[in-house]
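Visitor: Take this structure first; my questions come after.
The values are calculated or read from the model by the stated rules, or taken from the named source; none is laboratory data. Small disclaimer: the values here were computed from a predicted structure and weren't measured. Here Cβ is always computed from backbone atoms with ideal geometry, including for glycine, and neighbour counts include all displayed protein chains.
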Amino acid sequence: MRVFRSLLVMLLVCGAAMAAPPTQAEREIDGLIAGLASSSCEFERNGTWYGAAEAEAHLRNKYAWLRKRGLADSAEQFIERGASESSVSGENYRVRCPDKPVTESGIWFRALLTRQRAQPDSPPR
């Protein structure tokens, strides 16, 4: 019985460790979401444009859902699986920033990720 309990505890600990993405991925994903939230851009999903606060809340919820299932172990996975298209309609998300053309959110987030990685100690833009 003692061996069974030990094995069960080990499996639970290993499972919990596998569910959490690496710290770097968490920082990068948080930076992506914060970058959109702190921008003056709007976020379109399913045909409706949302401001920064609503976009941030939606993306944080989506990230939590992906993370719980072990589906966002990197910033690239988050962009592909959570920040590029609606899981309900399949429509691409888009980002609209002042004085810039509307762009698909996947492209926008990949560009932001590239900037973040080039300047890792600066706050998200």
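Visitor: Mind checking which pairs have a first residue in segment 21-34 that is within 9 Å of SER74 (Cβ to Cβ) and β-branched (Val, Ile, Thr) and a second that is outside any loop (DSSP other than H, G, I, E, B) and modelled with pLDDT of 95 or more, Cβ under 7 Å, 6 or more apart or different chains?
Guide: ILE29/TYR63; ILE29/ALA75; ILE29/PHE78
Visitor: Given the options GLU54, GLU80, name the one that is of a type in the set (Asp, Glu), within 12 Å of the chain's Cα centre (by Cα) and within 27 Å of THR23 (Cα to Cα).
Guide: GLU80
Visitor: Which count do you get for residues in segment 2-29 that are of a type in the set (A, V, I, L, M, F, W, C) and modelled with pLDDT of 90 or more?
Guide: 2
Visitor: Ok, one more. List every residue pair whose Cβ atoms sit under 6 Å apart, with the two residues 6 or more apart in sequence or on different chains, where the first one lies in segment 97-111 and is within 17 Å of GLU56 (Cα to Cα) and hydrophobic (A, V, I, L, M, F, W, C) and the second, anywhere, is assigned to a loop (DSSP other than H, G, I, E, B) and at pLDDT 95 or above.
Guide: As it stands, the answer is CYS97/CYS41; PHE109/ALA83, since those pairs meet every condition given.
Visitor: Look at PRO120 and say whether it is without any contact (Cβ under 8 Å) to a residue 24 or more places away in the chain, over 15 Å from GLU26 (Cβ atoms) and loosely packed, with under 12 Cβ neighbours inside 10 Å.
Guide: For PRO120, the condition - without any contact (Cβ under 8 Å) to a residue 24 or more places away in the chain, over 15 Å from GLU26 (Cβ atoms) and loosely packed, with under 12 Cβ neighbours inside 10 Å - is not met.
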